[in-house]
Amino acid sequence: MVLLAISRPSLASEATGNGTEHTITTLPIVIWKWEEIHFPYLVALWVLVSWLCKLVFQLNPCLTRVIPESGLLICIGWVLGGIIYGADKVQTFRLQPFTFFFYLLPQIVLDAGYSMPNKLFFGNLGAILVYAVIGTCWNAATLGLALWGCWLGGAMGNIDTGLLQLLLFGSLIAAVDPVAVIAVFEEVHVNEVLYILVFGESLLNDGVTVVLFNVFDAFVSLGGAQIDAVEIIKGIISFFVVAVGGSLVGVVFALLISLLTRCTKNIQIIEPGFIFVLGYLSYLTAEMLSLSAILSCTFCGVCCQKYINANMDERSVSTVRSTMKVFANGSETIIFVFLGISAIDPSIWVWNTAFILLTLLFIFVFRFIGVFLLTWILNQYRLVPLDFIDQLVMGYGGLRGAVAYGLVLLLDENKYKEKKLMISTTLIVVYFTVMLQGITMKPLVTWLKVKRAAVSERTLAEKIQNRTFDHMLVAIEDISGQIGDNYMRDKWNNFEEKWLYWLLMTPIARKSCDPIFNIFHKLNIKDATSYVKEGERRGSLAFVRNENKADVDFNKKFGADFSEMIRDSVPSVCLDMHEQDLKMRESEDFDAHHLLQQHLYKGRKQHRHRYSRKQLEVNKDEHEVQEIFQRTMRSRLESFKSAKMGVAPPKKISKHLKKDQPQKVREACTFSSFPLVFITIFLEFSEGDSASGYEAAGGSFPMRAYRGAGIVNPAFMAEMDTMDPMPPMQQIPSWLAETEVDSSNMVPSQRAQLRLPWTPSNLRRLAPLCLSTHSNDSFLLADSPATQEGISDLPDKTNPLKQLT
Amino acid sequence: MGSTNSTLSKIPNVEELMEETGFTPAHIVRLYDRFEALDKEKTGHLRPQDFGAINRLAMNPIGDRIIGAFFSPGQETVDFHSFVRILAHFRPADKKHPKDPSMPEPVNSRTSKLKFAFQLYDQDKDGKISRAELLQVLRSMLEMQVTEEQLESIADRTIQEADLDNDDAISFEEFRKVPLGRARRLTYQHGPLQHSAPRILSQPHRK
């Protein structure tokens, strides 16, 4: 309806048929029906054109590295706007506020809420709120007052405005824009805390913006004379009502969605649809009640993500995720293109150099002042203080975008005589921040970081030392519970586990809430996928049969590729694989520094943001985390196994198991300590098998315990043996007692890897549910060089297994 | 704070502990709460599995080594006192106290922190980091795609740089001499309990 209002006779002139009104004299075979369908046609066409723009500049990747995508889209918008203007002599297409606020913005906000890293968000919520509320108020107030001061001083010439109008203008332009911020910060990799602060601020400041906008708008209508203390107090109250009310609406809808997904097991086909509809309704409901719609939509996404991800089928979850990204990315593209097009319209331009330049200056300056001030205050209370570079980036990253433009278009021309000036200024500000700050952000960050890094680390020892210290500090923080563990969070977790899980999640979903299980699950899937890919490349999966041969073959033929997958600790194979490295070793300028720089694991502090508008998968640092996790788990497993294997005979296990089984089972469910992890994993699947409770598993349970690839046994033994007079951990765990200097004994798991790198049985070591008894054996076989005793247990263990099959 | 006092009274020898480590009562209480949260079976001791339950440690390349550092050789449990003693190494430093050479080295001095780090490398506790030990640490901190040869080269070069007395191993004295540039923080903070404690940020000293 919006485009309809604008579309001109010039377009309609293409339509020759007003056929429905005239009487027809003969049967028309084909009628030109433009009049009837031109509205949806134009909409679809514009969407297509906007998305094609994205395609156009993706063809040249170097371009996107320099200029952020949003900037490029605006440029293309200019070009298109120019074309249309040239054709029609008037700008037929503009970004209308209604379209923007009701058709383009909601999905972006919903996507932002749904993909929000919750732990990080709520962990930093205090800081985010401070920046969003106080920061935005500060920006608005200072900008308004400064402009008013300049206006009084006569710097702007003769414009018809007043203090309230300028304050209103300040409030709408003060808000950092979520769309623009994400678009730019995605190119720049900053650390996760900084990312979440800017991102969170841009989302939550809508609460303030809406309130300020409405309050000042009402004040302007009332006139300056009628503003007294009552009105101001009402204004302050309205802030709380709007912000908190909006959030509550969002939470209510989140509850609705979660409850709904609990029951949609049979209609999985349209299950994803509910998320979108209800998310949109939350936006509209808040808007209807004149509360903050963005806050509502954000909190809806934030609160429901955990429960719906657990409740819904995996395919539905990935459907939701992909579709959200399509909508969000699509909307963003359309918004930026139209921002460009809207500019090519002489009718809206009123140029007042002083006003525009002063606005730009004040926005920039006051943003920085605000950020530094607030950060200084926050740093007194924060666990990890924000350092100067981060503050600089945060101040520089205060981008304004389409929300400001949409708001300024909503102004009533009669009340605001200078509406056109404000529109022009807003557009200039948006272009300036998005393009200029967007383009220079990445080089700025790189330069700053490089400057920091170049200061130290001249020697290798220094580098290693520094990194070790980083890791050490992070570990100590984790152990002492500085970050992540606190009273409120524990309380919330307890509440959540007790009530919310029961209410909002399906019984099956409740069981698999263990975070370690999820990671293992993902690792397994990744392993399996790479295994299949490798098999496809080799032509068939037949290589699995000839394990030893395949091993050597791989190394010789695909050595370069496989070096990523296998760590070779046996020198003989090494020589074959890496002939080029031999040469490197001989040459003098072997760049150890560079190597360390590239390959040292980064500590937690360093860039690892998990939200990406452009990609479905998280960025590559997740891979590093998974790799570390995998290695840790493997080495723990190995050391644990080597401590345990052959210590207690299998017979003992079954006896103990039967006796203590209910208690152990319950224990296993609630704790996630590492040996018991496998029991937990295991139990989830056994739950799936037998609908009845754990107790019903009864005698079969210990038998099934063996199915779990032998991992469960040592774990159970551990539990058993705590009651034993001889505690199991009496021998020092091997991660402590590595007294052998000979490196070939170092980590048995690596040798295991070497022997059977990619076989299904090896993979199943991590997999909870084993499909055949074979896996159990090969797991032990894999480690037979390291632990000879393990094999002797085999005959005993396979017997109970055979009973099952 | 009534709860602080009641918790403090639960801990035996708490004054001695505070004296030795320099933690304030509020810190001790917080650490005690953490200890109890980790000690899920309420045995009063922590075992390696309890540390293993901290998920984030599993994502730390040297996480297991640090866990190991909490346990003295031969012991398989850690009681609250040892727990606090080790964490005391990382307490924010008291910049106010003048350096008194006659007094014993405070627990959280720079040297004790370095000694702790040294322990992480030196697993066999012979007072030297041998090439093999260095190799182990390197291997755990580097991505899997680095080859064994590259690792060995790095280890060799590192020892070459740091080893001053040419015994092909790094002793504690040599370890100390390596300047720490980027590791600006050698301590951690206690958050809201921290009002009285001076801010950390030990500035890097660059040679």
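The values are calculated or read from the model by the stated rules, or taken from the named source; none is laboratory data. The shown structure was predicted, so the numbers you read here are calculated from the model rather than taken from an experiment. Cβ sites come from the backbone with ideal geometry, for glycine too, and all protein chains shown count toward neighbours. Areas reflect the complete protein model, heavy atoms only, side chains present, ligands, DNA and RNA absent. Shrake-Rupley method; radii C 1.70, N 1.55, O 1.52, S 1.80 Å.
Brief remarks on what is shown
- For the condition in contact (Cβ under 8 Å) with a residue 12 or more places away in the chain, more than 30 Å from A:Gly71 (Cα to Cα) and of a type in the set (A, V, I, L, M), A:Ala286 qualifies.
- Condition check for A:Leu392: surrounded by fewer than 17 Cβ atoms within 10 Å (Cβ to Cβ) and more than 14 Å from chain B (Cβ to nearest Cβ): yes
- Members of segment A:333-359 that are open to solvent by 30 Å² or more (accessible area, probe 1.4 Å) and under 27 Å from A:Ala155 (Cα atoms): A:Pro346, A:Ser347, A:Trp349, A:Val350, A:Trp351, A:Thr353, A:Leu357, A:Leu358
- Hey, A:Leu383 modelled with pLDDT of 85 or more and either closer than 26 Å to A:Glu69 by Cα or of a type outside the set (D, E, K, R) (or both) or not: no
- Pick from segment A:88-109, criterion modelled with pLDDT of 85 or more and either open to solvent by 10 Å² or more (accessible area, probe 1.4 Å) or among the polar types (S, T, N, Q) (or both), ranking: nearest to A:His38 (Cα to Cα): A:Thr99
- Meets criteria (surrounded by fewer than 24 Cβ atoms within 10 Å (Cβ to Cβ) and without any contact (Cβ under 8 Å) to a residue 24 or more places away in the chain) for A:Asn329: no
- Selected residue (criterion: least open to solvent (accessible area, probe 1.4 Å)) from residues of segment B:9-31 that are without any contact (Cβ under 8 Å) to a residue 24 or more places away in the chain and assigned to a helix (DSSP H, G or I): B:Val14
- Filtering segment B:124-175 to residues that are at the interface with chain A (Cβ under 9 Å from one of its Cβ atoms), in contact with a strand residue (DSSP E or B) (Cβ under 9 Å, 6 or more places away or on another chain) and not in a helix (DSSP H, G or I) leaves B:Ser130, B:Leu142, B:Glu143, B:Ile170.
- Search result, residues across segment A:373-389 that are in a helix (DSSP H, G or I) and open to solvent by less than 60 Å² (accessible area, probe 1.4 Å): A:Leu374, A:Thr375, A:Leu378, A:Asn379, A:Ile389
- Breaking point among (1) at pLDDT below 85; (2) more than 14 Å from chain B (Cβ to nearest Cβ), for A:Tyr405: (1)
Rundown of residues vs (1) touching a residue at least 12 places away in the same chain (Cβ under 8 Å); (2) surrounded by fewer than 20 Cβ atoms within 10 Å (Cβ to Cβ); (3) closer than 17 Å to A:Thr285 by Cβ; (4) of a type in the set (Ser, Thr, Tyr), yes/no style:
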site	(1), (2), (3), (4)
A:Val215	yes, no, no, no
A:Ala229	no, yes, no, no
A:Gly235	yes, yes, no, no
A:Val241	yes, yes, yes, no
A:Phe253	yes, no, yes, no
